[in-house]
Amino acid sequence: MKAPVFEEFDAASDCDCPGCAHWRRIVPYSSSPSSSPPSSFSCVSGAVGRPAVRRALVLAAAAGTVLGAGPSMTAVAAAHAPARPGIPTGDEPDTPQGSKAPLHGPAGRPATATKPGTVSKAPATTRAEIINRAKTWIDAEVPYSMNEYWSDGYRQDCSGFVSMAWNLPGNEWTGSLDTVSDRITRDQLQPGDILLFHNPANPEKGSHVVIFGGWTDYTHTYYVAYEATPPHARKQATPYPYWKNADRYLAYRYKGLAESASGARPSESKETGRFPGAAYFGPGANNKYVTQLGRLLVERGAGRFYTSGPGPRWSAADGRATQAFQRAQGWTGADADGLPGPLTWSYLVGKKGKDIPPASGPGPKEPNGPAANGSGTTGSGADGSGVNGSGVSGAHGPGASSHGVPGYPGRGMFRPGATNAYVTQLGKQLVKKGFGKYYTSGPGPHWGEADRRNVEAFQRAQGWRGGAADGYPGPETWRRLFS
């Protein structure tokens with residue numbers, strides 16, 4: 001039975017008709033003074049009452065509705081709650097995401113009888129697998145829904161998205177994800193962990209969860225968030241810990257992760273030869289793969305770049321050493337940007353290619369590392385401009401140009417906190433091309449959300465979606481913008 005719909009009226013205090021007398025007996029008066037101006041509400045005796053929409057509850061439901069129908073019936077209907085986009089008010093669920101549910105098969109039918117949260121052992125997975133699964137929904141632009149299920153059986157909301165990425169046997173919700181994960185600190189966050197806000201007092205108000213994809217830069221103020229949110233799953237740079245309710249989000253790590261808290265796999269006796277992904281390298285990265293990269297580079301002649309280490313925290317030394325190895329292979333441009341891609345990684349672990357030549361005398365000044373010019377050697381869409389992605393069309397270096405297009409200065413110039421002349425140059429060109437609507441002032445040298453949104457609008461105008469339209473200019477965005 002649906003909860004009855006109520007409307008609020010204030011009964012007149014000076015009317016003796018049966019209706020007004022009835023309401024005065026069963027509900028309190030409003031705080032409005034008796035001198036309030038009259039309204040159009042008339043009782044059966046013709047007396048005029050005080051303004052409508054106060055505290056007295058007038059039943060407006062269909063005839064036959066009984067208030068005492070059951071213990072779950074509430075006196076004030078949920079229909080007065082604000083409606084969410086795409087969800088009829090009367091059908092609005094109790095929480096901002098669906099409740100715990102099994103995986104669903106064709107036509108939305110439950111595919112298994114597994115009850116989420118009851119598994120004795122969490123299925124094992126890796127960080128790379130978590131991020132790769134998350135990207136499948138982002139690439140497909142899975143529409144957000146608290147009631148619908150995607151073809152893989154997971155509910156199309158924030159908690160269903162995490163359940164899918166963690167490869168859980170069922171759909172959890174924000175109130176149960178902590179049962180399959182452990183609390184960690186901000187400093188321990190690594191790709192594949194989550195930032196969770198569950199409001200137990202009112203789960204309908206603000207509860208949300210996102211997947212942490214890595215810090216955008218060394219300041220650790222912005223990170224890449226993978227999340228399911230209206231209108232569809234997305235990946236974008238997000239202020240830590242989130243846009244709102246910043247003091248309520250907590251970091252968690254999946255219990256079934258095939259890595260310990262330190263990042264090392266317990267069962268792994270030797271380093272892996274598989275490229276872990278671009279998200280593990282670059283400013284802000286702190287993981288075992290950075291250490292592995294440094295050791296491999298030292299073996300190939302990069303020892304002079306390190307004053308200590310190599311260690312798990314990405315540094316300028318890692319970038320310079322990587323770039324020196326890439327240049328030793330004869331690579332230039334984006335192929336020698338100081339960030340390891342699959343090709344660089346395969347050369348290092350496979351002991352292929354040429355070693356880094358020793359420095360002669362004082363030696364030439366080493367090229368700048370990825371903090372200035374990094375754009376990677378592995379692509380993420382048409383542009384390779386994602387915050388943690390990388391592109392095959394790379395930086396030519398500041399001042400260089402090609403076919404009349406100013407040289408792309410490198411992705412490091414367009415990050416949260418960046419301040420330089422290239423941000424101004426980018427902004428002016430966006431305005432010139434008709435993509436400056438998000439600027440309220442400027443453009444200027446300080447990279448901000450207005451810059452990112454204008455770049456995203458330009459990228460989407462090229463027909464790009466997903467990671468190729470994340471608002472961070474890569475080489476192809478730059479080329480098209482200035483051509």
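Per residue, the solvent-accessible area of segment 268-323 (1.4 Å probe, heavy atoms of protein chains only, all protein chains present) comes to 43 Å².
Per-residue 3J(HN,Hα) values for segment 231-240, derived from phi via the Karplus relation 6.51 cos²θ - 1.76 cosθ + 1.60 with θ = phi - 60°, read x, 7, 4, 8, 10, 7, 5, 9, x, 6 Hz in sequence order (x marks Gly and Pro).
Residues Glu227, Glu456, sorted by accessible area with the largest first, give Glu456, Glu227 [1.4 Å probe; ligands and nucleic acids excluded]. Per-peptide packing, taken as the mean over residues of other Cβ atoms within 10 Å, places 148-160, 419-431 in the sequence 148-160, 419-431 from highest down. Treating each Cα of segment 426-483 as one equal point scatterer and applying the Debye formula with no solvent, the log10 of I(q)/I(0) at q = 0.17, 0.30, 0.31 Å⁻¹ comes out as -0.46, -1.39, -1.46. Backbone geometry of segment 158-169 corresponds, through the Karplus equation with coefficients 6.51, -1.76 and 1.60 at θ = phi - 60°, to 3J(HN,Hα) couplings of 4, 6, x, 4, 5, 4, 5, 5, 7, 6, 6, x Hz, x marking Gly and Pro.
Near Tyr242: Cβ cut-off under 15 Å, other residues only, Lys/Arg at +1 and Asp/Glu at -1. The net charge is +2.
The values are calculated or read from the model by the stated rules, or taken from the named source; none is laboratory data. Quick caveat, the model's predicted, so the values are computed rather than measured. Note that we place each Cβ from the backbone using ideal geometry, even for glycine, and neighbour counts take in every protein chain shown. Accessible surface areas use protein heavy atoms only, side chains included; no ligands, DNA or RNA. Shrake-Rupley method; radii C 1.70, N 1.55, O 1.52, S 1.80 Å.
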